[in-house]
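Below you'll find the structure, written out as structure tokens, and then a few comments.
The values are calculated or read from the model by the stated rules, or taken from the named source; none is laboratory data. Source: prediction; values computed, not measured. Please note: Cβ atoms are built from the backbone with ideal geometry, for glycine as well, and neighbour counts cover all protein chains shown.
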Amino acid sequence: MKNNPLTVDVYRGHMVESSHKVHCIVMDKDGQVLESWGDEQRMISPRSSLKLLQVLPFIESGAVDALGLGDEEIALACASHNAEQVHIEKVQGWLARMGLCVDDLACGGHLSINQARAHEMIRNQEPMTAFLSDCSGKHAAMLSTAVHLNLDINGYEDINHPVQQQIFKTISELAHYDLSNGLSGTDGCSVPNPAIPLKNLAFAFSHFMNPDRLDQNRAQACTRILDAISTHPYLVAGAERFDTDVVKATNGNIIAKIGAEGNYVVFIRDKGITMYLKAEDGVLHRATEPALGFMLKRFGAINDQADETLSGYTRPVLKNWKDIEIGKIAVR
């Protein structure tokens, strides 16, 4: 179905200076569409929001338990983290336990998503190793899966590697959409990132959120991922990040996972509701997060206290360089 996307307006004073369009879909526990804005068939490159599905073979294969790993590693596998010291040290320790090192990671390094941490990296002249990648946990999970299954770790990021093939198979099953015949791009961290219609993507996440119709092994893996994120939200993102703060503000009831280019998947655990959002222009903080705040309120998913705690993300007040209020961001 195709209708108008949500509009997120950026005000300077009382004038709308800029606007963003956000495609959104909301599904109930049975995978039925409750409401949608924009084009449900729009092809989406989910970017890092897909990590929650990419990590399933890491658990389903038995790698987590066989290698003596646990919820912290599962949370890191889902992370788009700030590369704070806690993130770096845990990934370092994880690889060391498997006899691997930073050179085995195919993700490359980059400045932190968090501005303060990025400035710290520059001041300290930190070398841009793969440990600084926000995707280092996901890559460690893929390496762990390969090690457990006695597969060659070289080229684990290639679309034809058995680890990636199993990931594609898993996502295809959940989305009811065959990825083998579709488009596949390459993510910033060098692993494949398939294109999926918005409705199928939301359907996959709805299955993930409400796994009672899945086989026992997969259902347990899905629940284990959500529980790991609820227990270790700081490992999934870090300081000054919505993904971490929404879990804390709602005592683990709302889980949100960011993806580059304006992607967000959101789970409302007590209601069984799944939301997926994609900003048409790829803007995250000015577009998707305010739209997400609007939707959480619309579906009664958040109380007033949590809503106020998260308002800096969802209803940001704009200030100039002298800290004078000059505008706001609002959804219509």
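Matching residues to (1) outside any helix (DSSP H, G or I); (2) of a type in the set (Ser, Thr, Tyr); (3) modelled with pLDDT of 95 or more; (4) crowded, with 19+ Cβ neighbours inside 10 Å:
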site: MET128; (1), (2), (3), (4): yes, no, yes, no
site: GLY137; (1), (2), (3), (4): no, no, yes, yes
site: VAL147; (1), (2), (3), (4): no, no, yes, no
site: LEU151; (1), (2), (3), (4): yes, no, yes, no
site: ASN160; (1), (2), (3), (4): yes, no, yes, no
site: VAL163; (1), (2), (3), (4): no, no, yes, yes
site: SER172; (1), (2), (3), (4): no, yes, yes, yes
- Quick one: count up the residues across segment 174-194 that are part of a helix (DSSP H, G or I) and under 23 Å from the mean Cα position of the chain (by Cα). 4
- Could you please find all residues in segment 245-266 being farther than 28 Å from ARG42 by Cα and touching a Pro at 6+ places or on another chain (Cβ under 9 Å)? ASP245, VAL247, LYS248, GLY252
- State whether the residues of segment 98-111 include one that is touching an Asp or Glu at 6+ places or on another chain (Cβ under 7 Å) and either among the β-branched types (Val, Ile, Thr) or in a loop (DSSP other than H, G, I, E, B) (or both). yes
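Is it the case, given these coordinates, that GLY282 is at positive phi and either crowded, with 19+ Cβ neighbours inside 10 Å or at pLDDT 95 or above (or both)?
Against the criterion (at positive phi and either crowded, with 19+ Cβ neighbours inside 10 Å or at pLDDT 95 or above (or both)), GLY282 qualifies.
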- Note on the structure: Filtering segment 180-200 down to residues that are of a type in the set (A, V, I, L, M, F, W, C) and surrounded by 20 or more Cβ atoms within 10 Å (Cβ to Cβ) yields CYS189, VAL191, ILE196, LEU198
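Here is a yes/no grid of residues against (1) under 25 Å from ALA66 (Cα atoms); (2) in contact with a Cys (Cβ under 8 Å, 6 or more places away or on another chain); (3) without any contact (Cβ under 8 Å) to a residue 12 or more places away in the chain; (4) not β-branched (Val, Ile, Thr):
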site: VAL91; (1), (2), (3), (4): yes, no, no, no
site: MET98; (1), (2), (3), (4): yes, no, no, yes
site: GLY109; (1), (2), (3), (4): no, no, no, yes
site: SER112; (1), (2), (3), (4): no, no, no, yes
site: ILE122; (1), (2), (3), (4): no, no, yes, no
site: THR129; (1), (2), (3), (4): no, no, no, no
